[in-house]
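Input: a single structure, listed below in structure tokens.
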């Protein structure tokens, strides 16, 4: 199994790890049975993602993709963040091994869920 | 500490092999001096491998791998003795090569039964006995499991098979060279060269005198017609030399590794909360420690430890081509999420007390970092 240097970097030095106590939106995807659970917390100001944090249970790819997702989303408007796809995350990481594309690359979904959670609360 | 996946060739083994690549390159089938030299070397290796397991030289068939030997021992024997019936019984924790032979035999019309193991990974003999009937052609229970290290009661399993006139095969890939083995009670036994610090690409099947198996590779009738193809002379010489060294050094090395293993298990499980030994505490190969850590995943552990120069493997789905967690851990009753967090340390000749202390010292921080990142970790462990 070969990971790109960028995947290894995000695994070793993940960006934005942690929880936001008073988060405006939270998204969680995955399942411990499958071996991956990702939670993303966002703080929203002026319709932009002002702060974002994550927690992940899973393999190296699961941790790296969540880290990269938070980096891509930080500072973006909610609409922009909603357009971030799993493929974008994989591309930014210099690619993922094919078997990891589906099982461990779920963080974009967690991000979208966090945004929808925020929007749902606002209504 | 991932010697289960691959071992270096012992330098003394390499030295024994080297002349057979260039100097003594003859074919053992030739009727001239070079052929005789090669034949003599192969026969000596056959004797060395036989001596390791208390067999006769004529009972050893060299193959390309333990996988081929499992195919030949389980598939070849079952297909040779079909008159007896149509059932075969395998333990649930056999190596994937044995399990896949079972699946192939099932497609050919055989009935396959799997004997369960208990929570410590020991085959349940009572259950095994209830699965073996008078239509059973063959029973296969490994001598020890390489992933969880549990030593199996294979001699008792052989007695159960023989009471129903079934043949008995044991896969001794992980056990040979680690613990003393006797072939008296078994009909077929699989051995691997690399697991004895010999070269990869060589294995052997012990076939008890008087028994036959249906060959899988047809040709010039080498290896008593059981396994055709010109012999891999340097590889076979290497396996022989490795078996010779194992016979001489196994007892002392086993005692040394057992002390290191127990120190590692104790050190890691005592310093890290919610870490548990997988497998049996004492019915255990000297070189194996398998420990699971709650709330984190094995591949992430492997990558973290690799950075620190510690090489290990895992039963996690994330490290498997199939994306399924280890069938061995599942057979022991572990949940998927428990199996995901398992690490396998397999010690080898190069490992010493300093290595063990280094691992014990590094593990809490590695586990702690991943647990801090995991949404499953309970508050009190963060």
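Every number here is computed from the coordinates shown, using simple stated rules; none is lab data. This is a predicted model, so every value here is computed, not measured. For neighbour counting, all protein chains shown are included, and Cβ atoms are generated from backbone atoms with ideal geometry for every residue, glycine included.
Structural remarks
- Ordering A:34, A:59 by the number of other Cβ atoms within 10 Å of each residue's own Cβ, fewest first, gives A:34, A:59.
- In this simple spin-label model, placing a label point 7 Å from the Cα along the Cα-to-Cβ direction at both residue B:349 and residue B:324 gives a separation of 3.6 nm.
- Over the Cα atoms of chain B, the radius of gyration divided by the Kirkwood radius equals 1.00; this is the Rg/Rh ratio.
- Modelled spin-label separation between residue B:96 and residue B:381, with each label point placed 7 Å from Cα along the Cα-to-Cβ direction: 2.8 nm.
- Proxy reagent accessibility, fewest Cβ within 10 Å first, across B:209, B:184: B:209, B:184
- The translational diffusion coefficient of the protein assembly as shown, from Stokes-Einstein at 37 °C and 0.692 mPa s with a Kirkwood hydrodynamic radius over alpha carbon pairs, comes to 132 µm²/s.
- Model label zone, residue B:165; criterion: amide N under 17 Å from point 7 Å along Cα-to-beta-carbon; scope the stretch B:67-87: B:78, B:80-87
- Dimensions of the stretch A:53-99 from C-alpha coordinates, computed as largest minus smallest value along each principal axis and given longest first, are 30, 21, 13 Å.
- The C-alpha atoms of chain B define a longest principal axis, and helix B:298-307 lies at about 90 degrees to it.
- For chain B, the longest principal axis of the alpha carbon atoms and the long axis of helix B:33-52 meet at an angle near 50°.
- Per-selection metrics, the stretch B:250-381 (Cα): Rg and Dmax in Å: 14.4, 46
- Likely footprinting exposure, B:206, B:358, fewest C-beta neighbours within 10 Å first: B:358, B:206
- Along each principal axis, taking the top coordinate minus the bottom one, the Cα set of the stretch B:321-371 gives 34, 29, 21 Å in descending order.
- Taking label points 7 Å from Cα along the Cα-to-Cβ direction, residue A:77 and residue B:365 give a separation of 4.6 nm.
- Think of it as helices only: each DSSP H run of n ≥ 4 in the protein assembly as shown is worth -39500 (n - 2.57), and spread over all residues that comes to -12000 deg cm²/dmol at 222 nm.
- Along its principal axes, chain A has C-alpha extents of 45, 28, 22 angstrom, given from the largest down.
- Computing FRET efficiency as 1/(1 + (r/R0)^6) for residue B:251 and residue B:185, where r is the C-beta to C-beta distance and R0 is 25 Å, gives about 0.75.
- Tilt relative to chain A, helix A:107-122 - C-alpha long axis, 0 to 90 degrees, to 10: 10 degrees
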